[in-house]
Number of protein chains: 2
Amino acid sequence: MPERENGSSPTPTAAVGIVGAGQLARMVCEAASVLSIRTAVLAGHHDDAAASVAHDVVVGTPADAIAMRTMAQCCDVLTFDHEQVDLGVLADLERAGTLLRPGLETLRMAVDKAQMRARLQAGGLPVPAYEVLDGPPGASTSHVAGALEAFASRYGWPVVVKATRGGYDGKGVWVVHDAGEAQRVVAGAAANATPLLVEELVKIDIELAVVVARRADGETVAWPPVETAQIDGVCREVVYPGRVPPALAREASALAREVAGVAGVTGVLAVELFSADGRLLVNEIAARPHNSAHWTIEGATTSQFENHLRAVLDLPLGDTSPIASHVASVNIFGAPSGGTGSTGSTGSTGSTGGRGPGSGLAHALAVRGAHVHLYGKAPRPGRKLGHVTICGEDARDVRRRAWAAATALGTPVPASLDLGTP
Amino acid sequence: MPERENGSSPTPTAAVGIVGAGQLARMVCEAASVLSIRTAVLAGHHDDAAASVAHDVVVGTPADAIAMRTMAQCCDVLTFDHEQVDLGVLADLERAGTLLRPGLETLRMAVDKAQMRARLQAGGLPVPAYEVLDGPPGASTSHVAGALEAFASRYGWPVVVKATRGGYDGKGVWVVHDAGEAQRVVAGAAANATPLLVEELVKIDIELAVVVARRADGETVAWPPVETAQIDGVCREVVYPGRVPPALAREASALAREVAGVAGVTGVLAVELFSADGRLLVNEIAARPHNSAHWTIEGATTSQFENHLRAVLDLPLGDTSPIASHVASVNIFGAPSGGTGSTGSTGSTGSTGGRGPGSGLAHALAVRGAHVHLYGKAPRPGRKLGHVTICGEDARDVRRRAWAAATALGTPVPASLDLGTP
């Protein structure tokens, strides 16, 4: 892929530019290829997951105004693969005429959990009890810790503390059990100038997610709710329909559509929810394609990636109907040992996926109906390297097969996940 | 995509090399991307359909021994997007250790209709009555025409005359009605040194196709038979299951598996069949992915493109079960006027699909469940530019929707195709 010199003034070349070049951008680019829609990605490194799939690659970071301007000049619309964006740089670009989808107002909510909580609450939508822990400028950490302890005395320990910006996949989230731990977390965050908020620790019955796609005129489509399984804040498995009762699913879908309206999103929006004691609460949102809808590539009539493209290009949105009764999608991670696990044991030469597949892939592909996705990322312990999806007519069977394929690729069933219950 | 200098000695970089860079290669590369399998294509032009999707592009032709050697050196296995290969060049490569899948014996059958007919007949498989029209060296065209006329006097006019090499999409096929026409066709072919064969014109009840995938050890999987509709030798529509009666489907599947065994194919093999007066005849074969199985991308559990990759890399073959009761796939062509039709009316800048989609695409995507594929080829009258697939539960409805989307993309329903009957 020809890399573009930062600061050059290229003729426009791409319909869609994506800030970020991880697997989400990669899968958007894969969907774009089918429609012959040209893509460009802003990649931190030339061997990022999407770099080998996008038509054009600009190497740089979202805070780099010159790299971002290069992206803006060569694309019809800019969209996003992650939340680590620089709102100031984006505001400058927008003022200069760049089309951002989602737009700045949505992004402010998507990248800042305090903003998200406040806007949802202002919209009358249910969120966990929370408090933003920003003292006045120069407030001491003990002031902040004190506010945290006051919150805990009202809602009970443990509480959940979150960095309001920059967290993902469980990073920037702490379960805090007592005042001592609170002091340490607050001090650490202060050292990084990380603003925090504190939330009640919700006694979760079920974790679910709803992903919607919304056009600029507000037209919204939604995939059915799914049950998600997180371990240490990292998504391990997504199941449709999971154990989500139909009435709860309907309520969750309606709530997600409201969230999309409050966010004013153009593109895909993922809404992660808790059900606790019968009440539905919005946990997190992401204004981009999301792990909780990878299943839609094979499991639904239109994938989240294709609908994200359609939405940001203002094309009609595609049907979100599932194509099977049950779908299970399991993430593949780098092995804890730091080795390549089973993913690239033969011929793997690095982050673009090396040349050919390893022996683990053969065993995974031997699992009937296995839809294996490998993102071309260099394996590192705990790093998301791919996912496997199985569609079928039996709830337990699709999970069993998905985990069989994942196991072959080096990601066995975690001890805390029970495959016995659908 | 970095283009490789012919004659350079690169380090191996691709798992799969494809001779040819048309839409078949493009869709193989799209499937490879999902699995992070690296691909290289031999492209006649740097803007061929697959060139923007493959990881590496070698510009050259199959007859160019240096370009082919470059491909062989950078790929673990070579496979094919078309039949215009040079068997001599391939034989040299194979002698030097290059892995060809399918191999030379299969290719000889796939690229030469006379070979194909002879090998199938020798295997006891049903083909139309035929005769190869090669006279002794230096035989006059009247000698050849005389043989043609003798065949016609036995089997009746009209007869079908085919170039034994080089034909596709109806090219190199003539329906010959009388001796005068015979003389003209033979003279034209002689001028191009094109060997011919003549076949009986079969009174076709139904045209169908079966596509199979076969591993080196002989393990074979088959997608269910489909009904195909050709106009002037060009495939216009493929329907699963179409009007193929179940008993005929079973017979066709069994026959296709036998053909795959006779051909000794590794990879995908498409078998095009006629049913005439209750008898099943093999019309054509192709040892590569084929138009008659594009529907498998969304319509079956595993696509022909993914299974072709799995087969040539000796990976387990994927489940071929359909995911819906009815699937219709319609080809999109360049408009007769020579313009861009509706495909690229906005922002289209050429053969890599330009930047963004045209207004026709919006209307096509508005058709519920439309799976649109655009190959990034410069529009020319009659050129295959893409296809649309619809999956559903009603035979008439899937065809209706597929043709609605095709119409929006500039390819209306031909007068001779009746959408009223399923």
- Item | Residue selected from the stretch A:366-392 under the condition within 12 Å of chain B (Cβ to nearest Cβ) and more than 18 Å from A:Val238 (Cβ to Cβ), by the criterion least open to solvent (accessible area, probe 1.4 Å) | A:Gly376
- Note on the structure: For B:Val265, the lone unmet condition from (1) surrounded by fewer than 20 Cβ atoms within 10 Å (Cβ to Cβ); (2) assigned to a loop (DSSP other than H, G, I, E, B); (3) touching a helix residue (DSSP H, G or I) at 6+ places or on another chain (Cβ under 6 Å) is (1)
- Query: Which residue out of A:Leu120, A:Leu99 is more than 18 Å from the chain's Cα centre (by Cα), farther than 13 Å from A:Arg69 by Cβ and open to solvent by 20 Å² or more (accessible area, probe 1.4 Å)?
  - Reply: A:Leu99
- Task: Inspect all residues belonging to the stretch A:206-213 and state whether any of them is in contact with a Phe, Trp or Tyr (Cβ under 7 Å, 6 or more places away or on another chain), buried (at least 16 other Cβ atoms within 10 Å of the Cβ), under 22 Å from A:His326 (Cα atoms) and not basic (Lys, Arg).
- Result: yes
- Of the residues in the stretch A:391-412, those that are part of a loop (DSSP other than H, G, I, E, B) and more than 24 Å from the chain's Cα centre (by Cα) come to A:Glu393, A:Asp394
- Message: List the strands (runs of 3 or more DSSP E) inside the stretch B:136-205, counting only whole elements, that have at least 1 residues being surrounded by 17 or more Cβ atoms within 10 Å (Cβ to Cβ) and in contact (Cβ under 8 Å) with a residue 60 or more places away in the chain.
- Response: B:173-176, B:196-200
- Item | Matching residues, the stretch A:310-340, being among the hydrophobic types (A, V, I, L, M, F, W, C), within 13 Å of another protein chain (Cβ to nearest Cβ) and more than 18 Å from A:Leu208 (Cα to Cα) | A:Ala311, A:Val312, A:Leu313, A:Leu315, A:Leu317, A:Ile323, A:Ala324, A:Ile332
- Can you work out which of the residues in the stretch B:6-47 that are facing chain A (nearest Cβ under 10 Å), open to solvent by 20 Å² or more (accessible area, probe 1.4 Å) and modelled with pLDDT under 95 is nearest to A:Leu365 (Cα to Cα)? B:Thr13
- Task: Look through the stretch B:281-309, keep the residues that are open to solvent by 10 Å² or more (accessible area, probe 1.4 Å) and farther than 14 Å from B:Cys29 by Cα, and return whichever of them is nearest to the other protein chains (Cβ to nearest Cβ).
- Result: B:Thr301
- Query: Going through the stretch B:48-82 one residue at a time, which ones are part of a loop (DSSP other than H, G, I, E, B) and either within 14 Å of chain A (Cβ to nearest Cβ) or in contact with a Cys (Cβ under 8 Å, 6 or more places away or on another chain) (or both)?
  - Reply: B:Asp48, B:Ala49, B:Ala50, B:Ala51, B:Ser52, B:Val53, B:Ala54, B:His55
- Message: For the stretch A:318-332, which positions are in contact (Cβ under 8 Å) with a residue 40 or more places away in the chain and in a loop (DSSP other than H, G, I, E, B)?
- Response: A:Gly318, A:Asp319, A:Thr320, A:Ile323, A:Ala324, A:Ser325
- Give me the pairs: first residue in the stretch B:410-422 and at pLDDT 90 or above, second residue surrounded by 10 or more Cβ atoms within 10 Å (Cβ to Cβ) and of a type in the set (Phe, Trp, Tyr), beta-carbon distance under 9 Å, and six or more apart or on different chains, which are they? B:Gly410/B:Phe333; B:Thr411/B:Phe333; B:Thr411/B:Trp403; B:Pro412/B:Trp403; B:Val413/B:Trp403; B:Leu417/B:Trp403
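The values are calculated or read from the model by the stated rules, or taken from the named source; none is laboratory data. Not measured: the values here are computed from a predicted model. Please note: Cβ atoms are built from the backbone with ideal geometry, for glycine as well, and neighbour counts cover all protein chains shown. In case anyone asks, the SASA skips ligands and DNA or RNA and just uses the protein heavy atoms, side chains included. Shrake-Rupley method; radii C 1.70, N 1.55, O 1.52, S 1.80 Å.
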